[in-house]
Structures are given as C-alpha cells and as structure tokens.
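**Q** Quick one: this structure, given as structure tokens, is what I'll be asking you about.
The values are calculated or read from the model by the stated rules, or taken from the named source; none is laboratory data. In this text the structure is predicted, and so the values were computed from the model without any measurement. A quick note on method: Cβ atoms are made from the backbone with ideal geometry, for glycine too, and the neighbour counts reach across all protein chains shown. In case anyone asks, the SASA skips ligands and DNA or RNA and just uses the protein heavy atoms, side chains included. Shrake-Rupley method; radii C 1.70, N 1.55, O 1.52, S 1.80 Å.
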Amino acid sequence: MQQATAVALRARSRRHPGDAVFAAVAKLSGLFVLLLLGSLIVTLFVGGLPAFRRFGLGFLVSDDWDPVKQVFGALVPIYGTLLTSVLALVFAVPVSFGIALFLTELAPQWMRRPVGTAIELLAAIPSIIYGMWGFFVIVPIISQDVQPHIIDTLDGIPVLQDLFAGPPFGTGLLTAAMILALMVVPFIAATMRDVFETVPAVFKESAYGLGCTMWEVTRSIVLPYTRASVVGGIMLGLGRALGETMAVTFVIGNADRISTSLFGPGNTIASIVALEFPESPAGSLKLSSLMALGFILFMISFAVLAASRALLRPGLKASA
Amino acid sequence: MSGHAAASMAMPGPARNLAVSRALGRRRQRVSLLVKGLSVAATVIALLLLASILFTLLWRGGTGLSVAVFTEMTRAPGSNGGLLNAIVGSLIQTALGTLIGTPIGLMVGTYLAEYGRGSPVAGAVRFVADILLSAPSILIGLFIYELVVEPWGGFSAIAGSLALAVIVIPIVVRTTEDMLRLIPATLREAVMALGAPKWKMIVLVCYRAARQGIATGILLAIARVAGETAPLLFTSLGNLNWSVSLTKPMASLPLTIYQYAGSAFDDWVQLAWVGALLITIGVLAINISARLLLRVEK
C-alpha cells in the first residue's frame with residue numbers, strides 16, 4: 001500500500017511540475033532550520049574566539065571578572081547558572097509531581113481542565129513579569145520575614161550558618177532559584193501529567209483491585225512505567241531554567257564573585273550577558289567574553305535539552 | 001509447597017495476625033493520605049502564586065491605567081508620559097517577527113509531516129527545531145547581534161523582528177507538524193485518487209483540515225514573542241522617542257518595562273507596572289483564545 005502510493009506519487013510528480021517546486025521549497029525550509037542552528041553555534045563561537053584565544057581553557061576556571069584590568073573568567077556565572085538551576089529543580093520537582101498527581105489521580109473530572117489550564121498559563125506569563133513580581137513582591141518578603149529568621153535560627157550551627165549567611169537584602173542566588181522554580185513548574189508538571197495519563201488504566205485498576213493505596217499505585221505502577229519520560233520532563237525544566245534571563249536579572253543581585261552563602265548575590269551566564277552588554281562596546285574583549293559565555297551556555301543547554309528529548313521521544317513530545 | 005505454607009504459618013505475618021494487618025493497613029493509608037495532602041498543597045500553592053502575580057499586576061498596574069498611557073510617548077521622569085511608542089513598537093516588531101517566521105515554520109512543518117517521514121534529514125530537522133524551541137532566547141539575541149546588528153550598521157527594529165522570527169519558527173513547526181499528522185491518510189488518498197497534485201492536496205485539503213490547529217500554533221507564537229525581552233536587548237535596543245523606522249532602534253513594551261522597573265523614579269516604576277499589566281493581559285488573552293480555538297475543533 002505504502003509502496004504503491006510512493007510509485008503513484010512519483011508518476012504524478014512528472015505530470016505536475018508544481019509539485020517539484022513545492023517539495024523543494026519545503027525541503028529548503030527544513031535545511032534552513034539546520035543552517036539556523038548551525039550558524040547560531042558558529043556565530044557565538046566566532047564571537048567568543050578572541051576571549052578563548054586570550055584566556056585559553058583558563059577562561060572556564062577563572063573567577064576574575066575585571067573590566068578595568070581586562071581580565072575575564074567564566075567560573076562565577078557558570079557556578080551561578082548551575083547552582084540556581086539545580087536548586088530550582090529541588091523546589092520545582094516535588095511541587096510539579098504533586099500537581100501532576102493531583103491532576104491525574106485526585107481531582108474530580110470537572111476540575112482537571114481548568115486547573116491544568118491555570119498551571120499551563122504560568123508558562124505563558126512573560127519572563128520579565130516574573131522578574132518584576134519577584135523583585136517587588138518576593139524580595140521584600142524574603143528580606144524582612146524569611147532571611148532574618150533563618151539567619152537567627154541557624155546562628156552557631158557550623159555549616160548551615162555559612163550557607164545562609166550575609167546581609168538580608170532579599171536578592172541573591174536562593175531567591176533567583178525560587179523564582180526559576182515557579183517558572184519551570186508548568187513545564188515539568190504538564191509533562192508529568194501527560195505521561196502519567198499514558199499509563200494503561202488496566203495496570204492501575206489491577207493494582208487498585210489488589211488493595212493498593214493511591215501512593216502505592218503511583219510508586220509501583222505509574223512511576224516505573226513513566227520513569228524515562230519523567231526524567232525527560234525534569235531535564236526539559238532544567239533546560240529552561242539554565243537560560244532564563246529577565247526574571248533572574250531582577251533578583252540575582254549582580255555580583256562577580258562566588259558566594260558560599262545561598263543568600264549571597266551572584267550572576268548567571270544569562271544575567272551577566274544581559275547586565276553587562278550595554279557596557280560592552282563592539283569589538284571589545286569584554287563583548288567577546290560575553291559571546292564566549294553565550295557559547296558555553298548554549299553547549300550546556302544543548303546537552304540538557306538533547307538528553308531531555310532522547311528520554312521523552314519514545315513516550316511523548318516535549319510540550320511547547 | 002507444603003514447606004512454604006508451614007513457614008508462613010509459623011511467622012506472625014499480616015495474613016495470620018489481624019492486629020499486625022490492621023496496623024500495616026493504617027500505616028499504608030496514612031502514607032497515601034499524606035501524599036494526597038501534599039499533592040493538593042502543591043497545586044494550591046502554584047495556583048496561589050499565579051493569583052498573586054495576577055493580583056499584583058491588577059493592583060499596581062490598574063491604578064496607573066489612564067488614557068495618557070495610550071496617547072503619549074515615554075517622557076523624562078517626573079513628567080507623566082505614556083507608553084504609546086512602546087506599545088506601537090511592540091505591535092510592529094511582534095507582527096513583523098510573526099510574518100517572517102510563520103511561512104518558514106509552516107513550510108518546515110509541512111516538510112516534516114508530508115515529505116520527510118522517516119528520512120534522516122527530517123529527523124535532524126525535527127531535532128534541531130526541538131532544540132531551538134527551548135534554547136535560551138538571550139542567545140538568539142546575541143546571534144542576531146553578531147549576524148545583523150554589528151555588520152549592518154547598528155541596532156534596528158528589523159534586527160529585533162528577525163530575532164523574534166527565529167523564536168516563532170520552531171513553535172509553528174511543532175504545531176504544524178503535529179496537526180498535519182492528525183489528518184487521516186484516507187483523506188490524502190481520496191484527494192490523490194481524484195488526480196490532484198500533491199501540493200494542491202497539501203494546500204487545499206490538509207491545511208484546510210488542520211487550519212484551527214495551525215492557527216493555534218501561530219497564536220501561541222505571537223503570545224510568546226510579544227513578551228520576549230532578552231533577544232530585543234541586543235537587537236532593537238529600545239527607544240525613548242517616537243520611531244517607526246525599521247532601520248532605527250525601536251521601543252517595545254518589554255524593554256520599556258525592564259528599563260523603567262529598574263529605575264529609581266516612582267512614576268517610571270508605575271508606568272512599568274501598567275506596561276506589565278497590558279502585556280500580561282494581552283499574552284494571556286491570546287493564549288486562552290488559542291486554547292478555545294483548539295477545543296472547538298475537537
């Protein structure tokens with residue numbers, strides 16, 4: 001059948017020259033997308049080349065960022081990017097899991113759609129709105145109500161005291177991670193919900209029939225069945241968190257050093273690029289360093305997103 | 001067999017001892033109840049945070065809403081300007097970005113669904129489109145900066161629109177391919193059997209059958225780029241004066257919000273909230289109508 005169609009199509013294409021043109025345009029558009037990503041990678045790399053040449057591999061491990069001395073290193077923003085993104089996942093994964101469970105197992109049928117849509121709308125709100133909301137609503141709460149208590153409570157406890165030390169400005173790595181968590185929750189929750197729904201009802205019914213509780217069904221049937229896709233959804237969230245710019249820029253505190261305290265200020269790759277770009281004239285070493293940072297960010301996101309896709313592909317497509 | 005039965009009889013297990021069985025059952029129920037409670041709590045927290053964002057926007061933005069916002073330009077701090085140039089700039093760049101990106105995305109989606117099934121090139125295109133879909137938008141800004149802004153004489157609205165177009169493409173690709181794949185093969189075969197060329201089958205029948213889905217994708221793309229800030233920072237730069245020239249820097253709502261929200265002037269911060277309210281209402285309205293559109297079809 002398939003083959004017969006193919007033969008017929010080939011015969012047709014000779015009779016209809018329009019077909020060849022349309023097919024060529026479609027294929028060229030496809031190749032254009034390949035070219036787009038290829039040139040994005042090359043452009044960022046070439047833009048960052050002067051910085052890579054000047055600093056070599058040391059660029060990756062240097063924590064200097066001194067525009068006056070023209071010395072730039074990537075360690076601080078890389079550290080900030082990874083730390084905030086991973087912390088964001090620590091907050092976001094349990095919450096997303098809870099939401100997905102609620103939407104697939106607990107909520108009455110009439111409630112699922114409106115609640116699911118509301119969660120998805122969180123993903124539609126522009127990044128800059130999260131930034132403003134975080135800066136004007138969350139930061140004051142953290143600096144006045146959360147930080148002083150935590151600092152007082154942990155005072156004198158060896159490791160924890162350093163982890164949460166510092167003046168209570170409200171901005172910093174932890175705040176950024178919290179805002180990021182809220183921003184990636186809709187992506188992770190939607191993916192988890194969609195893959196949980198792919199578990200055949202018979203499996204779950206059998207387990208319920210044996211007397212399993214909801215949690216036992218989830219742990220022993222749903223999670224093992226969807227494990228790869230769940231991890232894929234989490235990686236998708238990580239990929240989103242890594243490159244998030246505007247929201248982080250508002251609340252990260254903008255500091256060019258590594259802070260051992262989670263309340264301390266920092267920078268992510270995306271935020272330092274956004275903040276420093278206006279002061280980086282074309283052709284300067286600083287601009288090249290920003291491009292090099294962009295290239296590094298792209299490589300990290302690419303690896304994470306590719307892994308996410310590989311895990312999600314058999315089960316489900318990543319939702320936009 | 002009998003040995004197994006004897007062993008289990010000797011052990012005080014749940015099957016033999018009702019007290020153990022009851023305690024175990026209660027524990028299992030308690031754990032499950034705890035998980036249920038935490039799930040509900042997680043959902044409530046997320047919904048409350050969404051409500052908090054919307055309420056803050058309405059409260060802080062709503063109080064500054066006035067006719068002047070829509071009729072006057074951005075002005076120096078203290079002189080009560082409006083957001084007209086930012087609103088117009090956003091509309092122009094979003095429209096232009098969508099107009100450039102949509103046809104390309106549509107053709108790529110068509111290629112993936114109608115021509116490239118199973119081919120390795122199509123697999124690569126699909127992979128790259130998926131990566132672009134989630135790639136950090138700030139990098140797309142840097143890319144267009146290096147490619148367009150630096151060699152072609154500076155920041156411009158057209159560069160901003162190109163950056164937005166790069167974001168539009170993968171969104172339209174994704175929905176177009178998904179929607180075209182939903183069309184049953186029998187429909188295609190019926191059209192072919194009538195002797196129609198393939199391109200006519202695609203344009204006149206497949207696009208028409210999938211038009212609501214494709215329109216949804218385009219709407220979602222518009223909603224996404226309307227709120228994009230990071231890629232515009234390096235491309236259209238922003239402009240505090242009135243300008244509709246495509247070759248000059250152009251204002252846009254997200255950039256104006258970014259600039260004003262971080263300023264030290266109360267009236268600028270107030271205007272930033274108004275802008276934030278406007279853009280959120282716009283983006284959410286487009287999003288919800290896109291969902292309704294798709295639901296009507298099903």
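**Q** Could you say whether any residue in segment A:43-56 is at pLDDT below 90 and part of a helix (DSSP H, G or I)?
**A** So far as segment A:43-56 goes, no, none of its residues is at pLDDT below 90 and part of a helix (DSSP H, G or I).
**Q** Quick one: which residue in B:SER156, B:SER119 is over 18 Å from A:LEU36 (Cα atoms), surrounded by fewer than 18 Cβ atoms within 10 Å (Cβ to Cβ), hydroxyl-bearing (Ser, Thr, Tyr) and more than 9 Å from every other protein chain (Cβ to nearest Cβ)?
**A** None of the other options fit; the residue is B:SER119.
**Q** Continuing with this model, one more query. Between a residue in segment A:194-221 that is within 14 Å of chain B (Cβ to nearest Cβ) and among the β-branched types (Val, Ile, Thr) and any residue that is open to solvent by less than 40 Å² (accessible area, probe 1.4 Å) and assigned to a helix (DSSP H, G or I), which pairs come within a Cβ distance under 6 Å, given they are 6 or more apart or on different chains?
**A** Partner pairs satisfying both residue conditions: A:THR213/B:SER32; A:VAL217/A:LYS204; A:VAL217/A:ALA207; A:ILE221/A:LYS204; A:ILE221/A:ALA207.
**Q** Return the pair list, or none, for Cβ contacts closer than 9 Å from residues in segment B:43-57 that are facing chain A (nearest Cβ under 9 Å) and in contact (Cβ under 8 Å) with a residue 40 or more places away in the chain to residues that are among the small types (Gly, Ala, Ser) and surrounded by 14 or more Cβ atoms within 10 Å (Cβ to Cβ), at least 6 apart or on different chains.
**A** Cβ pairs passing all conditions: B:LEU57/B:ALA276.
**Q** Would you mind finding the one in B:LEU106, B:LEU133, B:LEU112 that is open to solvent by 30 Å² or more (accessible area, probe 1.4 Å), within 14 Å of another protein chain (Cβ to nearest Cβ) and among the hydrophobic types (A, V, I, L, M, F, W, C)?
**A** B:LEU106
**Q** So which of B:GLU146, B:GLU189 is assigned to a helix (DSSP H, G or I), touching a Gly at 6+ places or on another chain (Cβ under 8 Å) and among the acidic types (Asp, Glu)?
**A** After applying the criteria, what remains is B:GLU146.
**Q** Continuing with this model, one more query. Take the residues in segment B:142-153 that are within 17 Å of B:THR247 (Cα to Cα) and of a type outside the set (A, V, I, L, M), then tell me which one is surrounded by the most Cβ atoms within 10 Å (Cβ to Cβ).
**A** Per the stated criteria, the residue is B:TYR145.
**Q** Quick check on this structure: which one of A:VAL115, A:VAL139, A:VAL184 is in contact (Cβ under 8 Å) with a residue 60 or more places away in the chain, open to solvent by less than 40 Å² (accessible area, probe 1.4 Å) and more than 19 Å from the chain's Cα centre (by Cα)?
**A** Only one candidate qualifies: A:VAL139.
**Q** Need a quick list: helices (runs of 4 or more DSSP H) entirely within segment B:192-294 having at least 2 residues that are among the charged types (D, E, K, R).
**A** Helices (runs of 4 or more DSSP H) meeting the threshold: B:211-226.
**Q** Got a sec? Which of B:LEU284, B:LEU292, B:LEU233, B:LEU277 is out of contact with any Ser or Thr (no Cβ under 9 Å at 6 or more places or on another chain) and at the interface with another protein chain (Cβ under 8 Å from one of its Cβ atoms)?
**A** B:LEU284
**Q** Separate question: Being out of contact with any Leu (no Cβ under 7 Å at 6 or more places or on another chain), in a helix (DSSP H, G or I) and within 22 Å of B:GLY227 (Cβ to Cβ) is the filter here, so list the residues in segment B:68-99 that pass it.
**A** Residues satisfying the conditions are B:LEU84, B:ASN85, B:VAL88, B:GLY89, B:LEU91, B:ILE92, B:ALA95, B:LEU96, B:THR98, B:LEU99.
**Q** Of all residues being more than 10 Å from chain B (Cβ to nearest Cβ) and in contact (Cβ under 8 Å) with a residue 12 or more places away in the chain in segment A:279-308, which is farthest from B:VAL125 (Cα to Cα)? Just the residue, please.
**A** A:GLU279
**Q** Run B:VAL125 past the list (1) over 24 Å from B:ARG211 (Cα atoms); (2) free of Cβ contacts under 8 Å to residues at least 24 places away in the same chain and report the number of the one that doesn't hold.
**A** (1)
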